[in-house]
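Chemist: This is the structure I have questions about; it appears just below.
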Amino acid sequence: MIPQPKPTPGDTSWFTKARFGLFIHWGIYALPARHEWVKQREELADEAYDVYFRHFEPDLYDPKLWAKAAAEAGMKYFVVTTKHHDGFCLWDSQFTDYKATNTPYGHDLLQPMVAAFREQGLRVGFYHSLLDWHHPEFPIDGFHPLRNHPEREKLNAKRDIRRYAEYLHNQSRELLTEFSPVDIMWFDFSYPSGRPGWVGKGRDDWQSEKLLKLVRELAPDVILNDRLDLDEGWDIKTPEQYQPREWLRVNGEPVIWEACQTFSGSWGYHRDEASWKSLEQLIGMLVDTVSKGGNLLLNVGPTGRGEFDERALERLMGIGRWMRLHSRSIYGCTASAFTPPPDCRYTQNGNRLYLHLLHWPYRHVHLEGLAGRVAYAQLLNDASEVRMLELDPQQPAQNITMSGQAGVLTLELPVLKPNVTVPVIELFLKEDAIPETL
Ligand code: GLC
């Protein structure tokens, strides 16, 4: 059976068809270029971190190029960090001075970005940090850059999370009204149990119930993620930097989900990271996600000059080359009730079943449960026929012919792998062969 998640409050109808989005982590941490958590990792006080604010000048920033790169990669939506944990805001918020307009660059970065992506037909999502390592009312906790400050108790005595929560709600209202309609609101993150020896922060600190009400009032259809520390009211579950084993469930019930993944490990621009995933891995990740009924949100960390660096562009272009020929096996597709052979993934859309071959086998692939159920088979990249062999299970193997197996359909493949990163075979199921699909 294919899992059928229960409907949620927001409008996910477009989302589960879109399947593929771009995550953007951008802020002044692009300058140190050694992880977006650099302020907390290196325990930098505001005065030390301020050097990046004072030098932030992305002179090459052209969001039209970003939107074009995303659209050409086949992405249907984007989610950008309006504010990350360091508190720096990309837009001209009336509730803070800690924003792009006050850097040497001097302009709002979010307005033109939203406009450019909308122009390319992509939906708009905002990642907004619940943590704030700049706000003077945000109590120092185990994650805070000042966690080892000798006077942290004294500093904390003056901090009131309720005043910070008011700021958080005000900015959320501002984003949802000024950029309406916002399609996705992606809050990050809650840690109610804290770190050993520290109290955490969760729903009481963010006043999550109240924030949820505000979000739904301003944007009833918005897709809300699951990181506000609420048991219900959210739309999507968001596994980070891992591929779930199967369709994600919460309390045994299947849910709508979106995996978020990086190219190289960190989310913000990281100059020296060498762990960049290959094109095969990235396309495999997208396919794997859709084969389990999820979406993939793939992250770019633009540079301090305002560009996607060449490693990111190269991969996005590679994904785009693959998507141009294969997006039919991604958009509108979901998990299949059939079990794929080793090193393969199925996705399915109605009577079309897509076999993704992550490893190209030698001449044959054997499909369990599909004997007699497929009307036609072709390679998706060039619509060339793939022949289905009629092997008799009663017939023993001979010198140059294999034997059949009950219920198994054997396809005959070319010896040479087609010249695409992940080849896909499109199988047209006979109408009566799709009982448990969408
Ligand atoms: C995390 C990290 C972070 C990143 C995010 C993306 O929770 O704190 O830096 O923005 O996940 O999912």
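Chemist: Considering only residues that are buried (at least 18 other Cβ atoms within 10 Å of the Cβ), under 18 Å from the mean Cα position of the chain (by Cα) and within 15 Å of the ligand (Cβ to nearest atom), which ones fall in the range 224-247?
Modeler: Those that are buried (at least 18 other Cβ atoms within 10 Å of the Cβ), under 18 Å from the mean Cα position of the chain (by Cα) and within 15 Å of the ligand (Cβ to nearest atom): 224, 225, 226, 227, 228, 234, 236, 237, 238.
Chemist: Give all pairs with beta carbons closer than 8 Å in which a residue from the range 85-113 that is of a type outside the set (A, V, I, L, M, F, W, C) meets a residue that is at pLDDT below 95; count only pairs at least 6 apart in sequence or on separate chains.
Modeler: Between residues of the range 85-113 that are of a type outside the set (A, V, I, L, M, F, W, C) and residues that are at pLDDT below 95, there is no close pair.
Chemist: Take residue 336 and decide whether it is closer than 23 Å to residue 16 by Cβ, assigned to a loop (DSSP other than H, G, I, E, B) and among the polar types (S, T, N, Q).
Modeler: Judged against the criteria, residue 336 is a match.
Chemist: To continue, here is another question. For residues in the range 1-45 being of a type in the set (Asp, Glu) and out of contact with any helix residue (DSSP H, G or I) (no Cβ under 9 Å at 6 or more places or on another chain), which is nearest to the ligand (Cβ to nearest atom)?
Modeler: 43
Chemist: Name the single residue that is nearest to residue 125 (Cα to Cα) among those in the range 304-338 being of a type in the set (S, T, N, Q) and crowded, with 20+ Cβ neighbours inside 10 Å.
Modeler: 334
Chemist: Please go through the range 68-87 and pick out each residue that is within 15 Å of the ligand (Cβ to nearest atom) and within 15 Å of the chain's Cα centre (by Cα).
Modeler: 78, 79, 80, 81
Chemist: Follow-up. I'd like the full set of residues that are out of contact with any strand residue (DSSP E or B) (no Cβ under 6 Å at 6 or more places or on another chain) and either without any contact (Cβ under 8 Å) to a residue 40 or more places away in the chain or under 21 Å from residue 79 (Cβ atoms) (or both), limited to the range 246-259.
Modeler: Across the range 246-259, the qualifying residues are 250, 251, 252.
Chemist: Now for a separate question. Can you work out which of the residues in the range 22-69 that are in contact with a strand residue (DSSP E or B) (Cβ under 7 Å, 6 or more places away or on another chain) and among the small types (Gly, Ala, Ser) is nearest to residue 282 (Cα to Cα)?
Modeler: Only one residue tops the list, namely 33.
Chemist: Now for a different question. Looking at (1) crowded, with 24+ Cβ neighbours inside 10 Å; (2) within 16 Å of the ligand (Cβ to nearest atom); (3) not aliphatic (A, V, I, L, M), which one does residue 293 not meet, given that it meets all the others?
Modeler: Against the list (1) crowded, with 24+ Cβ neighbours inside 10 Å; (2) within 16 Å of the ligand (Cβ to nearest atom); (3) not aliphatic (A, V, I, L, M), residue 293 comes up short only on (2).
Chemist: Can you list residue pairs whose Cβ atoms sit under 7 Å apart, with the first residue in the range 182-201 being under 26 Å from residue 15 (Cβ atoms) and the second being within 14 Å of the ligand (Cβ to nearest atom) and of a type in the set (A, V, I, L, M)? Count only pairs 6 or more apart in sequence or on different chains.
Modeler: 184/79; 186/79; 187/130; 187/228; 188/130; 189/130; 190/130; 190/228
The values are calculated or read from the model by the stated rules, or taken from the named source; none is laboratory data. This one's a predicted model, so the numbers in the text were calculated from it and none came from an experiment. Note that each Cβ is placed from the backbone with ideal geometry, even for glycine, and that neighbours are counted across all protein chains shown.
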